[in-house]
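The values are calculated or read from the model by the stated rules, or taken from the named source; none is laboratory data. All figures in this text were calculated on a predicted structure; none of them were measured in a lab. Cβ: placed from backbone, ideal geometry, glycine included. Neighbour counts: every protein chain shown. Just the protein is used for accessible areas: all its heavy atoms, side chains included, with ligands, DNA and RNA removed. Shrake-Rupley method; radii C 1.70, N 1.55, O 1.52, S 1.80 Å.
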Amino acid sequence: MSQNQNKVLKRRIARAYISSVVSISLVLFIVGVAALLSVNASSVANYFRENVRVTVILKQGVSENQAKALQSEYNKMNFVRGTRYVGIDEGTRELSEMLGEDFVNVFTTSPVPTSIEVTLNPEYVHQDSLSRVSSRLGESSFVEEVSCQQSLVESLNASIGKISAVLLVFTLVLLFISVVLISNTVRLVIYSNRFTIHTMQLVGATTRYIVKPYLVKAFFQGVFSSIIAAAVLVAALFALRSSFAQLFNMLNPLMLLEVLGIVFATGIIICAASTCWLVVKFINTPKNELYG
């Protein structure tokens with residue numbers, strides 16, 4: 001092989017190596033996100049469910065003392081996590097902030113009724129449980145209507161399932177791309193060392209002996225890709241901290257270390273397993289096909 005051909009081959013190997021590292025890093029980043037959601041699945045789901053409010057609208061004429069007494073009864077119920085009394089003045093102020101004072105001033109009397117916002121324990125924020133909860137909250141003669149946001153709950157539960165499915169499909173696609181790129185990289189490396197490998201086989205070198213240096217390179221490739229993916233994952237979490245502070249605070253540091261461990265293990269396994277399989281395959285390939 002001429003010197004120019006050797007330089008061209010080395011550049012191709014370098015480009016293939018960089019492409020495979022980038023692709024594997026993307027795979028590991030998605031794996032990290034999926035693992036983070038899986039490990040913290042209950043906490044994340046509970047966070048969103050705890051933000052679902054059941055609004056109990058009270059009848060006109062119900063006094064503040066009567067409303068507060070009803071609120072105390074609600075707080076004793078086993079499915080209630082917390083309550084908030086919303087008087088006419090507070091409700092009017094919140095409506096003004098949403099729609100503007102000009103809109104609210106159109107009404108001669110306040111269009112906002114007295115209400116109690118009820119936060120449920122997460123295990124009760126399901127479609128079947130909400131109907132029973134609504135019936136229980138509406139038993140009082142003070143209650144005009146119970147609004148339980150069933151459409152929001154249905155959308156929430158469906159979204160959690162869709163996100164998991166999309167992450168799984170995206171991870172599998174990127175995993176396939178990574179294996180293809182690793183295959184191309186290993187193929188180029190073996191092609192550049194084909195005479196050395198052939199000589200080692202002629203003098204009786206075992207497959208294990210030939211594979212070992214490639215596995216060492218694959219190990220470091222997996223570690224390097226894992227470091228990139230872990231750095232991007234941690235950076236993304238801190239970038240989201242300002243927008244989703246409460247969600248970020250729910251993440252357990254020990255669980256984050258567990259996720260990073262999964263990322264590193266996955267990166268090493270992907271690189272080592274793919275490289276080992278491909279090198280053994282090439283070693284067992286007839287010489288006229290391998291070097292042709």
Problem set entry | Criterion: open to solvent by 50 Å² or more (accessible area, probe 1.4 Å), closer than 20 Å to PHE264 by Cβ and at pLDDT below 85 - qualifying residue of VAL173, VAL179 | VAL179
Exercise. Right, GLU90: at pLDDT 80 or above and either in a loop (DSSP other than H, G, I, E, B) or not aliphatic (A, V, I, L, M) (or both) or not?
Worked result: no
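Taking the criterion of being farther than 15 Å from THR119 by Cβ, open to solvent by 20 Å² or more (accessible area, probe 1.4 Å) and of a type in the set (A, V, I, L, M, F, W, C), would at least one residue in the stretch 61-70 satisfy it?
Within the stretch 61-70, the subset farther than 15 Å from THR119 by Cβ is 61-70.
From the residues that got through so far, the ones that are open to solvent by 20 Å² or more (accessible area, probe 1.4 Å) too are 61-66, 68-69.
Restricting the remaining residues to those that are of a type in the set (A, V, I, L, M, F, W, C) gives 62, 69.
Yes, the stretch 61-70 contains at least one residue that is farther than 15 Å from THR119 by Cβ, open to solvent by 20 Å² or more (accessible area, probe 1.4 Å) and of a type in the set (A, V, I, L, M, F, W, C).
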Problem set entry | Residue in the stretch 20-40 that is nearest to ILE163 (Cα to Cα), counting only those that are modelled with pLDDT under 75 and open to solvent by 50 Å² or more (accessible area, probe 1.4 Å) | LEU37
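Is it true that LEU70 is part of a helix (DSSP H, G or I) and at pLDDT 75 or above?
Working: part of a helix (DSSP H, G or I): yes; at pLDDT 75 or above: yes.
Yes, satisfied.
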Problem set entry | Where ALA230 falls short, out of the listed (1) of a type in the set (A, V, I, L, M, F, W, C); (2) more than 21 Å from the chain's Cα centre (by Cα); (3) at pLDDT 80 or above | (2)
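Can you report the number of residues in the stretch 140-170 which are among the acidic types (Asp, Glu) and either open to solvent by less than 50 Å² (accessible area, probe 1.4 Å) or modelled with pLDDT of 70 or more (or both)? Steps first, answer last, please.
The first filter runs over the stretch 140-170 and keeps only residues among the acidic types (Asp, Glu), leaving 144-145, 154.
Among the residues that remain, those that are also either open to solvent by less than 50 Å² (accessible area, probe 1.4 Å) or modelled with pLDDT of 70 or more (or both) are: 144-145.
Number satisfying all stated conditions: 2.
Just name the residue that is least open to solvent (accessible area, probe 1.4 Å) out of those in the stretch 227-244 that are under 14 Å from CYS271 (Cβ atoms) and touching a Ser or Thr at 6+ places or on another chain (Cβ under 8 Å).
In the first step, residues of the stretch 227-244 are kept if they are under 14 Å from CYS271 (Cβ atoms); the result is 227-229.
Filter once more, keeping what is touching a Ser or Thr at 6+ places or on another chain (Cβ under 8 Å): 228-229.
Numbers: ILE228: 62, ALA229: 3 Å².
The selected residue is ALA229.
Which residues, counting only those in the stretch 171-215, are assigned to a helix (DSSP H, G or I), without any contact (Cβ under 8 Å) to a residue 40 or more places away in the chain and farther than 22 Å from LEU26 by Cα?
Matches in the stretch 171-215: PHE195, THR196, THR199, MET200, LEU202, ARG208, TYR209, LYS212, PRO213.
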